[in-house]
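The values are calculated or read from the model by the stated rules, or taken from the named source; none is laboratory data. As the structure is a computational prediction, the values presented were derived from the model and not from experiment. So basically every Cβ, Gly included, is an ideal-geometry build from the backbone, and we count neighbours across all protein chains shown.
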């Protein structure tokens, strides 16, 4: 929001038609003294005009209030009162009462760092007041014109395909400031210009946004992070906030606030509309996913081509995650929009399925970025064609359930063996039930049937080898196995029964 302030002390002194002259060196003043905005210009020859003055006012005088006998203390007290009242500059009309500016007044203004300028006889005080009033009016007109032009540009941006993103980008351009949109989960979903904030500032701003969203009430607030001032404004209804817009700008004037207010209204409406569209897209994606799970991609290809630029090129990786929430879906929608035909996702009763090409490897990096950003776990299948989509989805589900890291691949899970899949609470419960008769007998009679059966199975069900391993007679070993069969109620002569008993023993360790 670049603008030149024509209402400052410096701008007033710079008017060539007024012939004003600064009576002090700029080094004698505070650095920002000449940049102060002037609210009004007033003239008075009262010894103490402060009861009738306002802040940020330029006062002009001809000096009749200073008698020829006045000493330095009179001038010092006069200038000090003006400074305490908020007067930003003092103009002295020469050749009306005095031939020049009194030296004692110059010294007092220098001591108080008060800008002092000479008003020549040919320049009426009224001309200065009128010139400043015209500057205020011109600047107000320029700001109103800017606001109208900015709102028109923002309205046109809202008509673009991604209206919300275009609107925020246009707001950032009009304000010449960083603008960010945080979603309902507090994640930074869009920003313009991208990467303008450092990581520490972004984290601190995100923490403040999370606090604002946590209150659940519509609100506007301002804060400072380091040297940057931010304005925050919630989007959506109280109790149903849709996000927060953050602007890296200081105090906005009335026109700037008006432009921001219009964007807030449009963004809030867009997000509410997007909610309905998101439900429709979600249903369409779910239907397309069901078509893929039938292992006949014909219909899914047609829908995806018309809606999202096509499906990822086979072979593909199918990923499954139990992540929920709108933030994940919005993140995936943005990625799918940025990379048409390279990412598809849809949700069913098993969870959220994501399809990416098996090559390049950066596709898996996208999945890792999703897991890291939202703290979710993802299971990934082996590469597969669309005719094997249901099998790949099953692999992804197994990888999700059995994997340990943020992103688990089916090949890694499968390498741990089939029996590792039994290492669940349900598997252990079944295993304990399967060998319960042996455990109970050992506890009641002091026998070691569990060890005997385990040793026998470890030696390929050979009586002699198991007996030697336990240091007992082969007839004793055969008797223990026979008793175990009676207690279990199964025939351990068959492979299936032995395999199930072996799996139960291995599951329990």
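Here the condition is being under 30 Å from residue 208 (Cα atoms), outside the structural domain of residue 232 (by TED's automatic domain parsing) and assigned to a helix (DSSP H, G or I); of 138, 147, it holds for 147 alone. Could you say which residue among 177, 184, 166, 204 is touching a strand residue (DSSP E or B) at 6+ places or on another chain (Cβ under 8 Å) and at pLDDT below 85? The conditions single out 184. Does at least one position in segment 234-245 carry a residue that is in contact with a strand residue (DSSP E or B) (Cβ under 9 Å, 6 or more places away or on another chain), in a loop (DSSP other than H, G, I, E, B), crowded, with 16+ Cβ neighbours inside 10 Å and at pLDDT 75 or above? Checked against the condition, which is being in contact with a strand residue (DSSP E or B) (Cβ under 9 Å, 6 or more places away or on another chain), in a loop (DSSP other than H, G, I, E, B), crowded, with 16+ Cβ neighbours inside 10 Å and at pLDDT 75 or above, segment 234-245 yields no hits at all. Within segment 297-315, the residues that satisfy the criterion of being surrounded by fewer than 17 Cβ atoms within 10 Å (Cβ to Cβ) and not in a helix (DSSP H, G or I) are 309, 310, 313, 314, 315. Screening segment 84-93 for residues that are buried (at least 18 other Cβ atoms within 10 Å of the Cβ) and outside any strand (DSSP E or B) and picking the one that is nearest to the chain's Cα centre (by Cα) gives 88.
Here residue 34 fulfils each of the conditions (1) within 50 Å of the chain's Cα centre (by Cα); (2) surrounded by fewer than 18 Cβ atoms within 10 Å (Cβ to Cβ); (3) assigned to a helix (DSSP H, G or I); (4) touching a residue at least 40 places away in the same chain (Cβ under 8 Å) apart from (2).
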